[in-house]
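Comments concern the structure below.
The values are calculated or read from the model by the stated rules, or taken from the named source; none is laboratory data. These figures come from a predicted structure and were not determined experimentally. Reconstructed Cβ throughout: ideal geometry from the backbone, glycine too, with neighbour counts over all protein chains shown. SASA here: full protein model, heavy atoms, side chains in, ligands and nucleic acids out. Shrake-Rupley method; radii C 1.70, N 1.55, O 1.52, S 1.80 Å.
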Number of protein chains: 2
Amino acid sequence: MRNKKTSPLSGVTVLERLRDAGLRPTRQRLALAKILFARGHRHVSAEQLFNEAKSSRVDVSLATVYNALHDFTGKGLLREISIDSSSSYFDTNTGNHHHFYFERSGHLEDIPSEHVNISALPEAPGGAEITRVDVIIRVKA
Amino acid sequence: MRNKKTSPLSGVTVLERLRDAGLRPTRQRLALAKILFARGHRHVSAEQLFNEAKSSRVDVSLATVYNALHDFTGKGLLREISIDSSSSYFDTNTGNHHHFYFERSGHLEDIPSEHVNISALPEAPGGAEITRVDVIIRVKA
DNA sequence: AAGCAGTTTAGAATAGTTCTAATAATAGAT
DNA sequence: ATCTATTATTAGAACTATTCTAAACTGCTT
């Protein structure tokens, strides 16, 4: 086996990120995490990630892609979004923000939370704790 | 032929509602519409509606339930909501409002639009038209 | 009453996701 | 380094929600 962990920047950082999250940095998880976190924030479906992995000659099964996405989500590295019941998206931006949803293309775009101002939020019934507030602006495009 | 149009939203009114929407008031659509619109607003899944129909000895196929839900949605009698990628809900309240989503039970509850105040909505990219703005408040219950 | 477009239906098909249980890899102790 | 217990990966089967198919039926107009 070549390629120990001599990769420039991405390799090591991604590895630390997995370790810090308490996830074993396996070959597959590292490869997927690199694809996910290498560049800026993105929204991916399981199928998309699976295909990208294949294209970059990373050999992972679809089940592993699902496992990784859920593991990452469970540890707060990703956030799951279901806008359209046909499939889920995973957002690498786990901070507080909202979304434009382009109905025609099914594409998502982040809206920084400062750009949306919500006032007068109602109390949750029975004093239940609010997990989060999602604002989805659907646009016809 | 009792029960002609004694209650505001039963029998005849439902029939008129379908006709006005340009939908043929078939036996099945009438029965489903009665279940949906008889009482106050509600959120139903296809499976739920199918079961309620069975319980009230209305003989409809699951395919017809799906057809009806989509036809009603297409004509503005219902509004589709996908919060959880596992299944869709149809809301008999088609007016402007938002939702509490109870994560544990998967239950939905309406929030009148007056109870949420959104200011500073961003422009849609490329001047695209905004179809609607959904606010989902997820609560841990 | 007759014809036809619009509906319904059972069951097959599909899409996305999860499960199974066998195999392999990792972390930590030796 | 090696051993071991634990955790991860995998192919393929299974599952769930939904859509499709194509044949039978119904409500509407004439």
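Before moving on, here are some points about what is shown:
- Separation in nanometres of the label points that stand 7 Å from Cα toward Cβ, at A:Asp59 and B:Leu62: 3.9 nm
- Carbon plus sulfur fraction of accessible area for chain A, probe 1.4 Å, in percent: 48 percent
- Residue-count net charge about B:Ile130 - beta-carbon cut-off 10 Å; Lys, Arg +1, Asp, Glu -1: +1
- Heavy-atom accessible surface that A and B bury in contact, both chains counted, 1.4 Å, Å² to 100: 2800 Å²
- The dipole here belongs to segment B:96-139: it is taken about the Cα centre, uses +1 on the Cβ of Lys and Arg and -1 on the Cβ of Asp and Glu, and is about 140 debye.
- Against chain B, whose longest principal axis is taken from its Cα atoms, helix B:27-37 shows a tilt of about 50°.
- Relative contact order for chain B, counting Cα pairs under 8 Å that sit 6 or more residues apart, in percent: 17 percent
- Surface accessible to a 1.4 Å probe, per residue, for the residues of segment B:38-123, Å²: 53 Å²
- CD proxy at 222 nm, helix term only [per DSSP H run n ≥ 4: -39500 (n - 2.57); per residue of chain A; nearest 500]: -9500 deg cm²/dmol
- Pairs exceeding a 28 Å alpha-carbon distance, out of B:Lys34/B:Lys140; A:Lys140/B:Lys54; A:Lys75/B:Lys140; A:Lys34/B:Lys140; B:Lys34/B:Lys75: B:Lys34/B:Lys140; A:Lys140/B:Lys54; A:Lys34/B:Lys140.
- Measuring between their Cα centroids, segment B:125-141 and segment A:15-33 lie 33 Å from each other.
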